[in-house]
Amino acid sequence: MHQLYDFLLQFFIFFAFIYSIYFFVKGRNILALRFFSLHFFVVALILILFIFFQKDNLLKYPYTFRTISPLIYLLPPLGYLSFLYFFFPNKQFNKLHLLFFIPFLFQLLENTQYYFASYEDKINEVKLYIQTGDLFYHSSKFVYLNPLYHVYFKVFLYFLFSSLTIKNLVKFLQGKLVFNPWKSKKFTYWILGMIVLRAISNLFLLYRYIVNYQPSISPTGLEWLLSMDACFSILFLIFNPDILDFHYLKEYQKSIESSNGSGNSEEDSYQIHCENVCKEINQILEAYHYFTKSECTVENIYLQSKIPQRVISFSFRQVYGMSIKDFINKKRVDYLIELYKKDDLMKKYSLDYIGELVGFQSRQTLYSCTEKFYGCTPKTLFEKVDITEI
């Protein structure tokens, strides 16, 4: 069992470092990849430091003591910023986001006196830590703030940044975020998995160290708890290497910047994206009058365009104020009106046949559409066409 533990630890440390280097080198000018790089690097460091956190190792390497806790402050903001700039690849770095890292700097500075203490002082501090049997032992000589207070704040940060990520995920699922459709399903599974694992971590930390805290220097499983979302990402990226493809992200960022300009807001980006989606769907509908075919359905349009139905639906409501289904049906009715104006033979055809000409599968559907869009029956609608009221 111990061998399996060591193997898994080495496995995830290795890939965390590999991905941190890969994304750092490949992620030039792509903020999402840079933050992913930093996130994986911090996770690798934390996993390595947990190896030295055993009692015997602490006595051998006392300089590793009090190094994990500050690093944990980096995980929530780095995870959040990675997804923020992945959702919004055209965003410029906001310097205010540097404020997220103040807690890390604060605890790092708080421990500075220990870091620069002599080897003997470090050994004595470690021995006192082991004797107390308290994971959050502190002495006023080196630590001024009870480490348990840091735990409270870290749990708060985990909940805060997880909530902000969920907020962006909701926008994504509604089709509001600018994102390439062919990756959306994989990305959704990935981020949902991350959010679930972070929620488990948050609840466990809340219960273990706040609700039911019992002093113990055994952090058994804590290393996996803090890094299991990153471990999940590592496994996900191993089996889905294309999801963070550098060339795709670079080209996608350029396409958004060229369509968005330099000064447009996120709302403008949404609108431009929606208009581009509608333009692409309209091209499909107009090709050989596809909208007049009975097989012209939202599902088949999705299969042809590879754009998720939720993105299509949101875009048409945003641009035209109606669903894609209503848009198609109105297009069919309007086309009937044009045919009726140009072809006198239309007056001799039955309503069933006329409806079939433009893709309506029943007379009732034709009736409901003319009532919905023009407030009258098909017969009354065509009478208005005859007297040029339409």
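Out of curiosity, is Tyr73 surrounded by 15 or more Cβ atoms within 10 Å (Cβ to Cβ), touching a Pro at 6+ places or on another chain (Cβ under 8 Å) and under 24 Å from Ser233 (Cα atoms)?
Working: surrounded by 15 or more Cβ atoms within 10 Å (Cβ to Cβ): yes; touching a Pro at 6+ places or on another chain (Cβ under 8 Å): yes; under 24 Å from Ser233 (Cα atoms): yes.
For Tyr73, the condition - surrounded by 15 or more Cβ atoms within 10 Å (Cβ to Cβ), touching a Pro at 6+ places or on another chain (Cβ under 8 Å) and under 24 Å from Ser233 (Cα atoms) - is met.
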**Asked** Only one of (1) at pLDDT below 75; (2) surrounded by 14 or more Cβ atoms within 10 Å (Cβ to Cβ) is not met by Ser262, so which one is it?
**Response** (2)
**Item:** The listed residue being assigned by TED's automatic domain parsing to the domain that holds Phe40 and modelled with pLDDT of 75 or more, out of Lys141, Lys176
**Value:** Lys141
**Request:** Take region 288-303 and flag every residue that is assigned to a helix (DSSP H, G or I) and exposed (fewer than 14 other Cβ atoms within 10 Å of the Cβ).
**Result:** Tyr288, Glu299, Asn300, Leu303
**Item:** Any chance Phe35 is under 24 Å from Asn94 (Cα atoms) and surrounded by fewer than 19 Cβ atoms within 10 Å (Cβ to Cβ)
**Value:** no
**Request:** State whether one or more residues within region 194-212 are of a type in the set (Lys, Arg), more than 20 Å from Cys274 (Cβ to Cβ), over 14 Å from the mean Cα position of the chain (by Cα) and at pLDDT below 75.
**Result:** no
**Request:** Given the conditions (1) within 34 Å of the chain's Cα centre (by Cα); (2) crowded, with 17+ Cβ neighbours inside 10 Å, report the number of the one that His138 does not fulfil.
**Result:** (1)
**Item:** Positions within region 92-117 being hydrophobic (A, V, I, L, M, F, W, C), under 28 Å from Tyr189 (Cα atoms) and either modelled with pLDDT of 90 or more or in a helix (DSSP H, G or I) (or both), in sequence order
**Value:** Phe100
**Prompt:** Which pairs do you get when a residue that is free of Cβ contacts under 8 Å to residues at least 12 places away in the same chain, found in region 47-63, comes within reach of a residue that is aromatic (Phe, Trp, Tyr), reach meaning Cβ atoms under 6 angstrom, with the pair 6+ apart or on two chains?
**Reply:** Tyr61/Phe52
**Item:** Filter pass, Phe161 being closer than 30 Å to Asn29 by Cβ, surrounded by fewer than 15 Cβ atoms within 10 Å (Cβ to Cβ) and in contact (Cβ under 8 Å) with a residue 40 or more places away in the chain
**Value:** no
**Prompt:** Does region 313-330 contain any residue that is surrounded by 15 or more Cβ atoms within 10 Å (Cβ to Cβ), farther than 30 Å from Asn276 by Cα and β-branched (Val, Ile, Thr)?
**Reply:** no
**Asked** For region 344-390, how many residues are part of a loop (DSSP other than H, G, I, E, B) and either β-branched (Val, Ile, Thr) or exposed (fewer than 11 other Cβ atoms within 10 Å of the Cβ) (or both)?
**Response** 9
**From Phe50, Phe24, residue being under 26 Å from Phe83 (Cβ atoms), of a type outside the set (Ser, Thr, Tyr) and over 25 Å from the mean Cα position of the chain (by Cα)** = Phe50
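The values are calculated or read from the model by the stated rules, or taken from the named source; none is laboratory data. Keep in mind it's a predicted model, so treat the numbers as computed, not measured. FYI the Cβ positions are ideal-geometry reconstructions off the backbone, even for glycines, and counts take in every protein chain you see.
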